[in-house]
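Working notes for the structure below.
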Amino acid sequence: MAVDVIRTKGPFLGVFLVSGATLMYEVLLTRIFSVTLWYHYAFVVISIALFGITVGANLIYLFPEYFTSIRSKYHLSLYSFAFSVAMVFSFLSFLCIPFIDPKESTIVDYFSIILIFLIVSIPFVFSGICLCLALTRFPTQLSGLYSADLTGAGLGCLLLFLSLEAFDAPTAVIFSALVASLASLSFLGESRSRLLRKFATGFMALLILVIFSNTIRAIQDKPFLRLRWVKGQLESAPLYEKWNSFSRIQIQGDKNQEVKPAGKGLSATYTPTTTIRQLQLLIDSGAESSLTGWGGDTNRLDYLKYDVINFPYLIRMPREVLVIGSGGGRDILAGLAFSVDSIVGVEINRNILDAVNNRFGEFTGHLDQDKRVRFVNDEARAYVTREKQTFDLIQAPLADTWAATVAGAYMLAENQLYTVEAWTAFLDKVRPDGILSFSRWHVKDAPWEIYRLISLAVAALERQGITQPRDHLLLVSHFPPSESVGIGNLMISKSPIKPADIDRAERLAASMRFTVDLSPRVAASSTLENLATGRPFEEFSENLPVDLSPPTDDSPFFFNMLRMRAIFDRAAWNQGPVAFHMKAVFVLGSLLVSALVLTLMFIVLPLILRVEQVRMHGCIPLFFFFSSIGMGFMLIEISQMQRLSLLLGHPTYGLTTVLATLLIASGLGGWATQQIQNPAFIGVILFLVLLTVLGLVGFYSPHLIGKFQGASNLEKILASVGILAGLGLLMGTAFPLGMKVALVRSSSLAPWLFGINAAAGVLASILAVVISLSWGISLSYWAGVVCYLIALFAFVWACLSEGYSIVPRPEKIDSGSADAIEVEAQPVE
């Protein structure tokens, strides 16, 4: 009996839409998790999505009596509709569950997390059923369907960016469900179920109504669908809220309330002589800044002169200043308080600039209209690299947002500010007598961030040809009375710090009850002294739970410094604000262990349950093939995303350029395999070309990225597309070629192989980050190359097992024809 064939374009469109909706919902969850949970839990989203897809594939494999070939078209429409419905109801259920971040390791704490993850995984199960059916039930049209799958995912990236510009994230989830419902109607063109068509049409109408009405209410700052439980707390309605593809900002507070100036960096000797009006600016409910009510009187800003963050102004009196991460404008006001001639505020988030200068411009005093102030919407490193101007002071006050970007949840925008290459670029734009200033949290019992700042400064100075880096360093800290957590300000001088500057710093620090922890004269600890003099790290830091080596562009994880060997030793790292970033590594390690267990379960358990019903002989090479390309694709994708995000600078570009280009190109590669009759010969050739291209990209892309660092955004995007397009085209050929060989052996085995491919992706999505954190992005990339090399050997093994010849012969080509596949690719009873 011949297999079923798709006769219209509807199912291709349906697969396109299901895949697009799947990716949209997946990356939306990374955004939402970053707000409602913490950014390190957004790591889990990709694994949750692939976990659900794997479950869906295994259900098809385990219940062949239900998922019969003759009902495949109906099941495509049914489960795409179920995907849409489940997306809405699982999201609403997720919004109702208060998140409890495990601090005491109780069963209730962990159960709340597991419950959240299970609920949000349900839609992906239905998505997995749809995609698995499409890619295993129609062998003669496999290439076209696989192309629709990846192309839909790639264009879903672009659609997500547009939807978050138009809607808030909860409304964008409803929009994703609308796309999935449209997929159901596309599939219904062949299944002709009138009842299902009525349900899908009615549900679509309801979703459109919700999208329209909630968008209108959101414009009025009164949405009826919004996040309520945020980081374990019931969130009150803000004055203003705005989403984009890499953040949610909120403005909270009372415009008219007068308060005394406060802050961890403010000297205990300061006696407030006036009150100020402030609004709270929250980024993903984690990072915080403030909008200060200001009417133009700099005398009301005198408190900023007593903040340790602004200590560089007291040492050198800079005239031209650049602020990295201007936020709510506090550091711009500090420059005005010190009467600078000009100050440039670089802010990556356009929504923040719009809130400060437009929406609340009257409150902030329209800082953008001051002739001394210039705001720039750009990523700071990219801006500094392109900018010709030099500065007396480049200041980065507590520059971080604990936000997972939609570019995969594995890169933070601010991490690229904390690498040796970045600091070298910053120092290039500091004048000979100028200062580069970075402020970070200083925890007395765990000063890891301060230590790593110093190692970073030393490495950057050495790249400048400076042999005595300590002569250029000044670290001043402030701890509020009776507190163990304060702020440290590391100042790096382009020229050696003069004795008069040191005298002034010591005198001012004493008068403000600050401490000079490091200077050319003093060092508060032997570790600070060892770091400042450039002593090898292994000589004094081997026993520490953290890695103090300076981050580079190949391993740009400044905050996530916890060593893998210490991830389960909470006592070693669970101290102060720095524990927050340490926990990200702990979550990652726990996730890796869980993924290993689940991957083995999804490989072994289905085999045990159906070992007597399916012909398993000869499936070993297919197992290695599909697991290898699943791991290889994800390792290459994530490593390239991490690497090129440093080049592109902006998180949005990382999503729309890197992920979209790779997926769309892979879809085109899959489409190109539809005319291949002998997968063995052509497949080997394509794999050899792929491995060659992977090698060339691995060797030369770091150099190309360095050359384009100062280029325009358009040039960077074109360079990234050029690097990724060839990779995607070739990697996209592997799955359809392998599935053609697998379907000749047994069509009933195909869902299991599809599930293995997804399960391997779960493992690789976590492994890629573990490798990058421990050994660098380059090693993660080369691990992906090794996976494709293993896949080549497994592909040859599988082809030879099926009687294919690697050398083309006419008689062998006939046996691999479409007609032969239709007859041979039947379930073997």
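Placing dummy labels 7 Å off each Cα toward the beta-carbon, the span from Leu234 to Arg194 is 4.9 nm. 3J(HN,Hα) along segment 509-523: 4, 5, 5, 9, 6, 8, 10, 8, 8, 8, 7, x, 9, 10, 9 Hz, from the Karplus curve 6.51 cos²θ - 1.76 cosθ + 1.60 with θ = phi - 60°, whole Hz, x for Gly and Pro.
Residue farthest toward the positive end of the dipole of the chain, with Cβ of Lys/Arg at +1 and Asp/Glu at -1: which of Tyr804, Val18, Tyr700? It is Val18, whose Cα lies furthest towards the positive end.
Between Leu209 and Asn299, the distance separating the two model label sites (each 7 Å from Cα on the Cα→Cβ line) works out to 6.1 nm. For Leu659, what charge total do you get from the other residues with a beta carbon under 12 Å from its beta carbon, if Lys and Arg give +1 and Asp and Glu give -1? Surrounding charge for Leu659 is -2.
With the simple spin-label model, which puts each label point 7 Å out from Cα in the Cβ direction, the Ser590 to Leu605 separation comes to 2.1 nm. As a ratio to 2.2 N^0.38 Å, the alpha-carbon radius of gyration for segment 32-145 is 1.26.
In terms of its C-alpha gyration tensor, the chain has a prolate overall shape, because the principal axis ratio a/c (a ≥ b ≥ c, square roots of the eigenvalues) is not below 1.5 and a/b outweighs b/c. Counting only DSSP beta bridges with both residues in the chain, the antiparallel share comes to about 70 percent.
What does the C-alpha gyration tensor say about the overall shape of segment 344-403? Classify as rounded when a/c is under 1.5, otherwise prolate if a/b is larger than b/c, or oblate. In terms of gyration-tensor shape, oblate. Only protein heavy atoms count here; on that basis, with a 1.4 Å probe, Tyr781 has an accessible area of about 0 Å². When both segment 703-729 and segment 283-351 are represented by their alpha-carbon centers, they are found 35 Å apart.
A straight Cα-to-Cα reach below 25 Å connects Lys371 with the lysines Lys305, Lys388, Lys429, residues fewer than 8 places away in its own chain not being considered.
Could you work out how far helix 72-96 tilts from the main Cα principal axis of the chain, as a 0 to 90 degree angle to the nearest 10? Roughly 30 degrees between the two axes.
Helix-only estimate, please: 222 nm mean residue ellipticity of the chain, summing -39500 (n - 2.57) across DSSP H runs of length 4 or more and dividing by its residues, to the nearest 500. The per-residue figure over the chain is -18500 deg cm²/dmol. Extension gain for Phe63 to Thr271 (0.36 nm times residue separation, less C-alpha to C-alpha distance): 67.5 nm.
Within segment 484-554, the GluC sites (Glu not before Pro) that combine a DSSP coil assignment with at most 12 other C-beta atoms in a 10 angstrom radius are Glu542.
Expressed as a whole percent, the accessible area of the chain that falls on carbon and sulfur atoms is 62 (1.4 Å probe).
Largest first and in whole Å, the equivalent-ellipsoid semi-axes of segment 192-297 read 44, 14, 10, each the square root of five times a Cα gyration tensor eigenvalue. Basic side chains Lys and Arg get +1 at the Cβ, acidic Asp and Glu get -1 at the Cβ, and with that the dipole of segment 243-397 about its Cα centre reaches some 120 debye. Annotation: peptides 266-275, 318-327, ranked by per-residue average of other Cβ atoms within 10 Å with the highest first, follow the order 318-327, 266-275. In this calculation the C-beta distance from Gln675 to Leu158 is compared with R0 = 22 Å, giving a FRET efficiency of 0.20.
So, for the chain, what is the accessible surface per residue at a probe of 1.4 Å, expressed in square angstrom?
36
Report the full-extension gain for the segment Glu288 to Leu718: residue separation times 0.36 nm, less the Cα-Cα distance, to one decimal in nm. Extra length available between Glu288 and Leu718 comes to 151.3 nm. Checking the cross-link pairs Lys9/Lys198; Lys231/Lys264; Lys9/Lys242; Lys494/Lys707; Lys198/Lys222 against a 28 Å limit on the alpha carbon distance flags Lys9/Lys242; Lys198/Lys222 as lying beyond it. Using a cutoff of 8 angstrom between alpha carbon atoms and counting only pairs six or more residues apart, the relative contact order for the chain works out to 16 percent.
Express in % the proportion of alpha carbon pairs of segment 716-816 at distances exceeding 18 Å. Result: 62 percent of Cα pairs exceed 18 Å. Counting only alpha carbon atoms, the long axis of helix 10-36 and the longest principal axis of the chain meet at about 30°. When Lys264, Lys498 are compared by accessible area at a 1.4 angstrom probe, the order from most to least is Lys498, Lys264. With R₀ set to 30 Å, the beta-carbon distance separating Asp254 from Ser484 gives a calculated FRET efficiency near 0.45. Taking 0.36 nm per residue of sequence separation and removing the Cα-Cα distance, the Leu800/Arg513 pair yields an extension gain of 95.6 nm. On the basis of the beta-carbon distance and an R0 of 22 Å, Asp471 and Arg504 show a calculated FRET efficiency of 0.85. When a/c is below 1.5 the answer is rounded, else prolate if a/b is larger than b/c, else oblate, so apply that to segment 109-171 with a ≥ b ≥ c taken from the square roots of the Cα gyration tensor eigenvalues. Oblate, since a/c reaches 1.5 and b/c is not below a/b. The peptide list 93-100, 482-489, put in order of mean Cβ contacts within 10 Å with the highest first, becomes 482-489, 93-100.
One Cα centroid belongs to segment 110-173, the other to segment 473-529; the line between them spans 52 Å. Averaged over residues, the count of other Cβ atoms within 10 Å places the peptides 640-647, 283-290 in the sequence 640-647, 283-290, highest first.
The values are calculated or read from the model by the stated rules, or taken from the named source; none is laboratory data. What you see is a predicted model, and the numbers here were worked out from it, not measured in a lab. Heads up, the Cβs are rebuilt from the backbone with ideal geometry, glycines too, and the neighbour counts pull from every protein chain shown. Just the protein is used for accessible areas: all its heavy atoms, side chains included, with ligands, DNA and RNA removed. Shrake-Rupley method; radii C 1.70, N 1.55, O 1.52, S 1.80 Å.
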